[in-house]
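S.K.: Let me begin by handing over the structure; questions about it come next.
Since every read-out is calculated from the coordinates, none of them should be taken as a lab result. Note that the structure is predicted; figures quoted are calculated from it, not measured. All Cβ positions, even for glycine, are placed from backbone atoms using ideal geometry, and neighbour counts span all protein chains on display.
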Amino acid sequence: MENTNKELKDNCKLELKIDGISCQACVAKIERKLSKTNGVDKALVNISNNMADIEYDEKEIKASEIIKIIEKLGYTPKRREDLKDKEEALRAEKKLKLELTKSKIVIVLSFVLMYISMGSMLNLALPNIIEPTINIRNYVIAQFILTVIVMLIAKRFYRVGFRQLYMLSPNMDSLVAVGTTSAFIYSLYISYRIFIENDNLHLVHSLYYESAATIIAFIMLGKYLETLSKGKASAAIKKLVNFQAKKANIIRNSEIVEIDINEVSKGDIVFIKPGEKIPVDGTIIEGHSTIDEAMITGESIPVEKVENDKVYSGSINKDGVLKVIVNATEGETLISKIAKLVEDAQMTKAPIARLADKVSLIFVPTVIFIAISTALLWWFLIKYNIISVSQNHFEFVLTIFISILIIACPCSLGLATPTAIMVGTGKGAELGILIKSGEALEKLNEINTIVFDKTGTLTEGSPKVIDIVSLDNDLSKDEILKIAASMEVSSEHPLGKAVYDEAKEKKVELYEIKNFLSISGRGVMGEIEEKKYLLGNKKLLLDNGINDLHEEEIHRYELQGKTTILLADEEKLIAFITLADIVRNESIELIKKLKKENIKTYMLTGDNERTAKVIAKKLDIDDVIAEVSPEDKYKKVKDLQEQKKKVLMVGDGVNDSPALAQADVGMAIGSGTDIAIESADIVLMAKDIETILTAIRLSKATIKNIKENLFWAFFYNSCGIPIAGGLLYLFTGHLLNPMIAGLAMGLSSVSVVTNALRLKRFK
C-alpha cells in the first residue's frame, strides 16, 4: 500500500536561494511554515549559504505557490537554476562589494560620531562649530545627522526587522532594529529637552546616538566577516567547479579549433597536449599518457591511460598527446556530478542540529521577553530604592534593555552545525570521499562494526595467475602460459582473461588456434601445430577420458585459497595453472588500524568457504561468512543492528545494494567511475581502501567541531545575557555598553565559522 501511495505522488524538487535570512530564527520559521503546508514533503534551509531544498507533490501544490508563501514571510526566493546565469553571479559579486562599501562608510561615520560625542569627555579637540560648550545645538544636530545617515545605509535591518516583528515572528534584525531605534528615540527626546531647556549642557551625556550608530557598524562588520568566512567554507565546491577547463581544442575538418567549453558536443574529438587540463569526460581514441586525477580521486600518483581508457574533466594530462572522443559535456561531467553531490550534502542537516533548530525557533521572542522583564525588574528595584544607581534611572534601564537585545542574537547558534558540515563534506571531496548527507557524516562517527564485501573491496576484484605447474618435463612454464593464453585469447571468462592478461604482460607471442571450441561451464578445446589441447576444469577432462587429475597435489593449492585451470593434451594432464583474487596490501593495514580503534570487522562473500577462510586469515578479520547471497548480506547486517551494533557496510555496488541500504551507513567503493551508487551514503572515489579510516576520522573531527561550536554558542548566550542584564553591575558597578554588546555579537558568529574552518587543515 505504501508503494502505491508513493507511485501516486508526483514528487518534485525545488532549490531556492533565499535573500533576507539573517539568523537561525528565520530558518526555523521558513521550515516550520513549509512543513505545515499541504503538498510539501520536506523543507530544509541552510543558513550557511541561504539555500533551501524543498520536496513537494506537484498534484497538491505548485512551485510558484511555494515561492509566494516564502515571499509572504518577508523573504526573497530565487530558483537555483536562475543563479547559474553569469549575470546573476556578477550581480551577487557586486552586491557583496556594495555591502563592503556600506560597512566601510558606516564604520567611518560611527568613529566620527564617537569622536564627536566623547571628544569633550576625553579632552579631545573639536571644531568650535560643534564644540558643546560653545555651540551645543550644532553638537546635537551633527550627531543626529550622522546617525540618520548610518540608519539609512543600514535600512535593511529596520525594514526586515520591523516587518518580522509585525508578523509576530521576530528575528535577529528585529532585535537590532528595536534596540537601536530605542536608543535613537531616547536620544531624540534628550535632544528636544536640550533645545527647550535653554541648551542644558548636562543632558549631552544622556545622548545615545553614537551607541545606535556603532552597534549598526559592528553588526554590519560582523555580517561581512561572516559572509567572507562562509565563502571560505564553501570553497571546496568552487574549487571543483573552477578546476574545469574553460576552453577545448576540437578537431574539425582536420584542423584544431579552440572553442568555449559550453560549445562542445558529444561525439566531438578533443585534442589534448601534454600539461593541459582535460576539458571533458571522454574515451581515448589515440595516444597514451599518464593522467593526474587527484582532483577526482584524491590520489596524488598519476594513472597510466591508453586507448579505450576513460578520462575525466578536471584531470591533467602529464606527458602524452591524446585524442579523446567526448562522452559528457559541461554539467554532465564526473566532476560536475561530484560538485552537485557535495552541494546537496551541504544542504542536509545532521541530527545534532535539531536541538539548535528547536532553541532558535523560540529564542528571539524569549530574548525580547527577557529584555523587557529585566528592564522592568531593574526599574522596580530602583524606583523602590532596593538598589541605588548613580546615573539617570531611565538611561540605566534603557542600556540594559538594548544590551540584552543586541548581545543575544542567535546567529552563532544557527551557524554552529551547517558551517562545520559544509567544511567537512568539502574536505571529504578533496580527499576523494563523497559524503551524501549530514546525517551520514554524523552516523559514521558512531560506527563500531564494519561489514566488508570481499571481491573488489578487500581484494583486487580480478583474479591473477599465481602458479604455473608443469607435469611434463619437456614443457617449460613459459610454454604452458603460451599454449593456455593462445586458447584463451578470445575468452570473456574472468579466469581465462586473467591467463591471457598474464601472457600479454610478459609479452608472450601466441600460437594460432585451429578447430577452437568453447564448452560452457567446462572450458575450451583447440589445435596448436596439429596437436589437440584441452583447457578448463575437471569436468572437461573427465568428459574427454582423462582420469589421472593429480587431485591430491591440486587440493594442496586449493587449501591456499587458489582456483585451478587444468591443461591437457589428448592423452594426459600436462599442467595446471592456479589463480587467486589478490588481497590488497592496504586491506591488511586497514584491518590492523580498525582493531586499534576497537571496531569489529566482518567479511561477507559469495565465494566458497575454503577460499573465504584463507583470505579472512590473511586479513586477520574478526568473522567471515561465505557462500552468501545479496539477501543473506542484508539479513546479516540487520542481525548485527538488532544486537545494538552501529554498522558500516562497505561494498562495490550492485550485489551489495540491499546491505548498503540497510546499514546505518552504506559506503561504496567508487574508484572514480561510478559516483551515483544510489544505495550508498558515502562513495570512495579512490581505490585506496584505507580511505575508509580517513572518512571515519573526518566524521569524528567534524562532529567534535560541531559540539565545540554548539558549546561556545550556548556558553556565549548563557554568559552574555546575564552580563547584559546587569549582573556585572552588582559586582563592579559597571554596565555592559551596548556598543560592546554589538561587537561581541558580531565576533561570536565569526568565531564559530572560524572554528569550523579549522577542519580544512584535516589530513
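S.K.: Determine by what factor the alpha-carbon radius of gyration of the stretch 460-582 differs from 2.2 N^0.38 Å, reporting the quotient.
M.R.: 0.96
S.K.: Would you mind getting me the FRET efficiency between residue 553 and residue 501? Use the beta-carbon distance for r and R0 = 22 Å, nearest 0.05.
M.R.: Working from the Cβ atoms, E equals 0.30.
S.K.: Let me ask something else. How do 551-557, 179-185 rank on mean C-beta neighbours within 10 Å, highest first?
M.R.: So the peptides 551-557, 179-185, ranked by packing, come out 179-185, 551-557.
S.K.: Cα atoms only: what Rg and Dmax, in Å, come out for the chain?
M.R.: For the chain, the Cα radius of gyration and maximum Cα-Cα distance read 35.4, 129 Å.
S.K.: About the Cα centre, and with charges only on the beta carbon of Lys, Arg (+1) and Asp, Glu (-1), how big is the dipole of the chain? Nearest 20 debye, please.
M.R.: 4320
S.K.: Starting from the amide H of residue 574, placed 1.01 Å from N in the peptide plane, find each other amide H under 5 Å away whose residue is 5 or more places distant or on another chain.
M.R.: 567, 568, 569
S.K.: Once fully extended, how much extra length lies between residue 33 and residue 78, figured as 0.36 nm per residue of separation less the alpha-carbon to alpha-carbon distance?
M.R.: Answer, rounded to one decimal: 14.4 nm.
S.K.: Provide the net charge surrounding residue 178, with neighbours chosen by a C-beta distance below 14 Å and charges set as Lys +1, Arg +1, Asp -1, Glu -1.
M.R.: +1
S.K.: Related question: For a 29 Å ceiling on Cα separation, which of these pairs sit above it: 42/443; 94/246; 97/273; 538/600?
M.R.: 97/273; 538/600
S.K.: Given a Förster radius of 25 Å and the C-beta distance between residue 283 and residue 332 as r, what FRET efficiency does 1/(1 + (r/R0)^6) yield to the nearest 0.05?
M.R.: 0.95
S.K.: Karplus couplings for the stretch 579-591 from phi (6.51 cos²θ - 1.76 cosθ + 1.60, θ = phi - 60°), rounded to Hz, Gly and Pro as x?
M.R.: Using θ = phi - 60°, the values come out as 9, 8, 7, 5, 6, 5, 4, 5, 5, 4, 5, 4, 4 Hz.
S.K.: Would you mind ranking 134, 386 by Cβ crowding within 10 Å, fewest neighbours first?
M.R.: 386, 134
S.K.: So how do 699, 336, 462 line up by other beta-carbon neighbours within 10 Å, fewest first?
M.R.: On the way: 699 24, 336 19, 462 14.
Arranged by neighbour count, lowest to highest, 699, 336, 462 become 462, 336, 699.
S.K.: Can you bin the stretch 478-534 into rounded, prolate or oblate? Criterion: square roots of the alpha carbon gyration tensor eigenvalues sorted a ≥ b ≥ c, rounded for a/c under 1.5, prolate for a/b above b/c, oblate for the rest.
M.R.: Because a/c hits 1.5 or more and a/b fails to exceed b/c, the stretch 478-534 counts as oblate.
S.K.: So what J values fall out for the stretch 245-255 if you push phi through Karplus, 6.51 cos²θ - 1.76 cosθ + 1.60 with θ = phi - 60°, rounded to Hz, Gly and Pro as x?
M.R.: For the stretch 245-255, the Karplus curve yields 5, 8, 10, 9, 8, 9, 8, 9, 6, 6, 10 Hz.
S.K.: For residue 328, list long-range residues whose amide hydrogen, built 1.01 Å from N in the peptide plane, is under 5 Å from its own amide hydrogen.
M.R.: Counting only residues 5 or more places away or on other chains, the set is 281.
S.K.: According to the square roots a ≥ b ≥ c of the eigenvalues of the Cα gyration tensor, what is the shape class of the stretch 245-332, taking rounded for a/c under 1.5, prolate for a/b larger than b/c otherwise, and oblate for the remainder?
M.R.: Prolate shape, in that a/c is at least 1.5 and a/b is the bigger ratio.
S.K.: Of all beta bridges DSSP finds with both residues in the chain, what is the antiparallel percent, to the nearest 5?
M.R.: Close to 80 percent.
S.K.: How would you order 478-484, 591-597, 316-322, 257-263 from highest to lowest mean count of nearby Cβ atoms within 10 Å? It would help to have the intermediate numbers written out before the result.
M.R.: Working: 478-484: 19.9, 591-597: 14.4, 316-322: 17.9, 257-263: 12.4.
Taking the mean over residues of other Cβ atoms within 10 Å, the ranking is 478-484, 316-322, 591-597, 257-263.
S.K.: Tell me the mean residue ellipticity at 222 nm calculated for the chain from its helices only (DSSP H runs of n ≥ 4, each -39500 (n - 2.57), averaged over every residue, nearest 500).
M.R.: For the chain, the value works out to -16000 deg cm²/dmol.
S.K.: Helix 691-722 versus the longest principal axis of the chain: what is the Cα-based angle in degrees, 0 to 90, to the nearest 10?
M.R.: 10
S.K.: Using θ = phi - 60° and the Karplus relation 6.51 cos²θ - 1.76 cosθ + 1.60, list the HN-Hα couplings for the stretch 479-488 in order, rounded to whole Hz, with x at every Gly or Pro.
M.R.: 5, 4, 4, 4, 5, 4, 5, 4, 6, 9
S.K.: Taking Rh as the Kirkwood radius computed over C-alpha pairs, what is the Stokes-Einstein D of the stretch 2-82 at 10 °C in a medium of viscosity 1.306 mPa s, expressed in µm² per second?
M.R.: My calculation gives 124 µm²/s for D.
S.K.: With a sphere of radius 10 Å drawn around the Cβ of residue 699, what net charge do the other residues whose Cβ falls strictly inside it have (Lys, Arg +1; Asp, Glu -1)?
M.R.: Net charge around residue 699: +2.
S.K.: Calculate how steeply helix 630-642 sits against the longest principal axis of the alpha-carbon atoms of the chain, using the helix alpha-carbon long axis, and give the answer as 0 to 90 degrees to the nearest 10.
M.R.: 40
S.K.: Mind sorting 23, 719, 12 by how few other Cβ atoms lie within 10 Å of their own Cβ, fewest first?
M.R.: Ordered by Cβ neighbours within 10 Å, fewest first: 719, 12, 23.
S.K.: Compute the distance in nm between two label points, each set 7 Å from the Cα along the Cα-to-Cβ direction, one at residue 65 and one at residue 15.
M.R.: In this crude spin-label approximation the distance works out to 2.5 nm.
S.K.: Name the residues whose placed amide hydrogens come within less than 5 Å of the amide hydrogen of residue 466, ignoring near sequence neighbours (fewer than 5 apart) on the same chain.
M.R.: Sorted by chain and number, the residues that satisfy this are 578, 579, 580.
S.K.: I would also like to ask the following. Go ahead and run the numbers for FRET between residue 131 and residue 259, Cβ-Cβ distance against an R0 of 56 Å, rounding to 0.05.
M.R.: 0.20
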